[in-house]
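The values are calculated or read from the model by the stated rules, or taken from the named source; none is laboratory data. These numbers come from a predicted model, not from an experiment. We place every Cβ from the backbone using ideal geometry, glycine too, and count neighbours over all the protein chains shown.
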């Protein structure tokens with residue numbers, strides 16, 4: 001802060017000079033004491049400078065509404081929304097979110113440091129605060145082919161960027177417990193720079209958590225049970241309660257939150273599709289769900305504001321108090337948390353639910369390294385042949401609205417040549433992952449149960465975390481058509497039925513994000529959802545987002561990479577056929 005700014009703020013706080021803006025007649029949510037307080041709120045230079053009796057050049061009459069800090073998403077992958085940072089900000093502002101801590105892990109797995117730099121550059125100079133954690137595991141594991149490899153030396157220069165807060169979700173537990181040299185460098189570089197370290201403790205035991213905590217890892221967003229959550233809290237970790245598009249953990253975890261530990265809990269979305277952000281909301285949706293589950297409204301708001309700010313050392317965010325950024329929401333009630341008016345740095349950005357000043361979009365990447373990332377040879381249907389010597393197979397079974405899958409064995413149907421035949425009656429479909437970064441011609445094949453398709457195929461270049469091409473289908477011909485069409489699009493989502501593309505969404509930025517305005521992307525997503533009905537898709541969950549996580553070999557129990565079927569608990573590939 002410059003000296004003249006400090007003098008001005010002191011003068012306004014003391015009442016000797018009028019504020020830029022004063023908010024009157026508001027019920028102030030005090031996130032420190034957990035209560036509602038009264039008073040005028042003075043704003044100077046975009047910061048709160050006093051609560052009491054003030055006069056200002058501009059007066060906002062809150063008309064008895066609640067004055068809440070804006071919300072913070074403690075862990076999110078912007079790429080999962082399939083829109084650029086600029087468009088993402090437009091959507092989240094409408095839901096009272098003005099700050100996110102993002103992990104550009106997805107684009108980094110495709111394009112490395114170029115992708116990280118693009119995310120930093122494209123999120124500059126917006127009425128929204130984007131902070132970043134650096135991807136810790138690119139590739140996520142050695143059991144798949146990724147588009148890039150990021151070492152500790154690659155990441156270290158980024159710690160000089162003022163919006164880089166630390167090291168993102170450390171998901172490679174074996175590298176930590178076995179003291180892998182590069183992983184140790186990543187951890188120590190973050191600590192030496194005074195930065196934070198996020199965890200990813202899916203499936204870890206209590207003893208494993210000790211290892212993570214000793215390594216300096218402070219958070220986890222992978223809890224799926226209340227017992228898991230308590231183990232994290234016991235060890236002094238921050239508990240990130242996630243409610244995304246696939247992983248919906250809030251209702252399973254919220255019972256652990258009480259008046260003694262609530263300040264160690266915060267909300268995240270992790271991965272959320274654009275249509276869900278528009279329909280349900282972002283962190284505001286987490287707050288509403290928590291309140292519906294019996295959490296006191298002010299406690300839920302604490303979790304969405306000051307808790308997240310303190311977790312990441314954002315000392316001027318998350319509260320209506322002197323010295324904090326004037327980011328606030330006016331709420332009619334503390335039950336529905338309906339977002340009408342949102343202010344950023346003391347200026348209105350959302351009025352009656354609409355953007356006050358739209359801005360021209362995003363920094364569109366010109367480099368072929370970001371735009372031409374889908375590379376593989378033409379696909380023919382015989383590429384999907386699965387030859388088996390037995391009628392029993394290891395199968396990935398989907399758990400609706402969960403990143404976790406089941407490893408089951410079932411009898412399957414084969415033809416005379418001993419090739420697996422998909423069965424819509426048994427809900428056994430083919431699954432394929434094709435390497436799309438380096439023309440390795442690598443393909444992994446498997447069987448998936450739970451999608452419920454009666455015909456057709458779907459494919460996407462969003463396949464966590466290495467983002468190879470993943471395809472699920474009822475027949476080889478539609479799968480081949482989908483693969484070749486998505487290559488021509490240079491990435492995206494596609495639905496094929498009876499040999500015809502019936503819906504698609506192009507994602508030309510790294511095969512992950514659109515360069516179009518969010519409302520155009522939203523329209524295309526609606527077309528995809530309608531087309532899924534023609535395939536008989538299971539409507540209890542999002543098939544595309546579920547599909548995108550079937551390639552993630554760090555979440556239990558059975559997944560598929562471009563190198564084959566992978567059993568997470570044993571950290572090894574296994575054959576499709578079962579003894």
Quiz item: Which one is modelled with the lowest pLDDT, of the residues in the stretch 346-381 that are more than 25 Å from residue 435 (Cα to Cα), touching a helix residue (DSSP H, G or I) at 6+ places or on another chain (Cβ under 7 Å) and not in a loop (DSSP other than H, G, I, E, B)?
Solution: 355
Exercise. Please specify each residue of the stretch 194-221 satisfying the condition of being in contact with a strand residue (DSSP E or B) (Cβ under 8 Å, 6 or more places away or on another chain) and assigned to a loop (DSSP other than H, G, I, E, B).
Key: 195, 200, 201, 215, 216, 217, 218, 221
Exercise. Answer yes if at least one residue in the stretch 124-135 is outside any strand (DSSP E or B) and within 30 Å of residue 444 (Cα to Cα), and no otherwise.
Key: yes
Quiz item: If we keep just the residues of the stretch 484-501 that are touching a residue at least 40 places away in the same chain (Cβ under 8 Å) and not in a helix (DSSP H, G or I), which is nearest to residue 105 (Cα to Cα)?
Solution: 491
Exercise. Mind listing whichever residues of the stretch 160-180 are in a helix (DSSP H, G or I) and within 22 Å of residue 220 (Cβ to Cβ)?
Key: 173, 174, 175, 176, 177
Quiz item: under 18 Å from the mean Cα position of the chain (by Cα), farther than 22 Å from residue 388 by Cα and either at pLDDT 95 or above or not assigned by TED's automatic domain parsing to the domain that holds residue 78 (or both), is that true of residue 532?
Solution: no
Exercise. Select the strands (runs of 3 or more DSSP E) contained entirely in the stretch 42-112, then report the ones holding at least 2 residues which are in contact with a helix residue (DSSP H, G or I) (Cβ under 9 Å, 6 or more places away or on another chain) and either buried (at least 21 other Cβ atoms within 10 Å of the Cβ) or free of Cβ contacts under 8 Å to residues at least 24 places away in the same chain (or both).
Key: 47-52, 66-69, 71-76, 97-102
Quiz item: Taking into account only those residues within the stretch 248-272 that are within 15 Å of the chain's Cα centre (by Cα) and closer than 14 Å to residue 307 by Cβ, which is surrounded by the fewest Cβ atoms within 10 Å (Cβ to Cβ)?
Solution: 268
Self-check item: Among the candidates 62, 102, residue that is under 35 Å from the mean Cα position of the chain (by Cα), within 30 Å of residue 545 (Cα to Cα) and modelled with pLDDT of 95 or more
Solution: 102
Quiz item: Does any residue of the stretch 304-317 turn out to be outside any loop (DSSP other than H, G, I, E, B), more than 24 Å from the chain's Cα centre (by Cα) and crowded, with 18+ Cβ neighbours inside 10 Å?
Solution: no
Practice problem: Kindly indicate the residue of the stretch 201-221 that is crowded, with 24+ Cβ neighbours inside 10 Å and in contact (Cβ under 8 Å) with a residue 24 or more places away in the chain and also farthest from the chain's Cα centre (by Cα) among those meeting that condition. | Solution: 212
Practice problem: Any chance you could count how many residues in the stretch 511-536 are outside any helix (DSSP H, G or I) and crowded, with 22+ Cβ neighbours inside 10 Å? | Solution: 5
Practice problem: For the stretch 16-41, name all the residues that are surrounded by 13 or more Cβ atoms within 10 Å (Cβ to Cβ), free of Cβ contacts under 8 Å to residues at least 40 places away in the same chain and part of a loop (DSSP other than H, G, I, E, B). | Solution: 17, 18, 25, 39
Exercise. Taking residue 555 as meeting all but one of (1) within 18 Å of the chain's Cα centre (by Cα); (2) assigned to a helix (DSSP H, G or I), write down the number of the exception.
Key: (2)
Quiz prompt | strands (runs of 3 or more DSSP E) within the stretch 398-456 that include 3 or more residues at pLDDT 95 or above and surrounded by 22 or more Cβ atoms within 10 Å (Cβ to Cβ) | solution = 428-434, 443-449
Practice problem: Report yes if some residue within the stretch 172-184 is closer than 30 Å to residue 371 by Cβ, out of contact with any strand residue (DSSP E or B) (no Cβ under 6 Å at 6 or more places or on another chain) and in contact (Cβ under 8 Å) with a residue 24 or more places away in the chain; otherwise report no. | Solution: yes
Self-check item: In the stretch 222-247, the residues that are under 19 Å from residue 187 (Cα atoms) and surrounded by 18 or more Cβ atoms within 10 Å (Cβ to Cβ)
Solution: 237, 238
Quiz item: Picking from 158, 132, 128, 173, which residue would you name as being at pLDDT below 95, assigned by TED's automatic domain parsing to the domain that holds residue 308 and surrounded by 15 or more Cβ atoms within 10 Å (Cβ to Cβ)?
Solution: 173
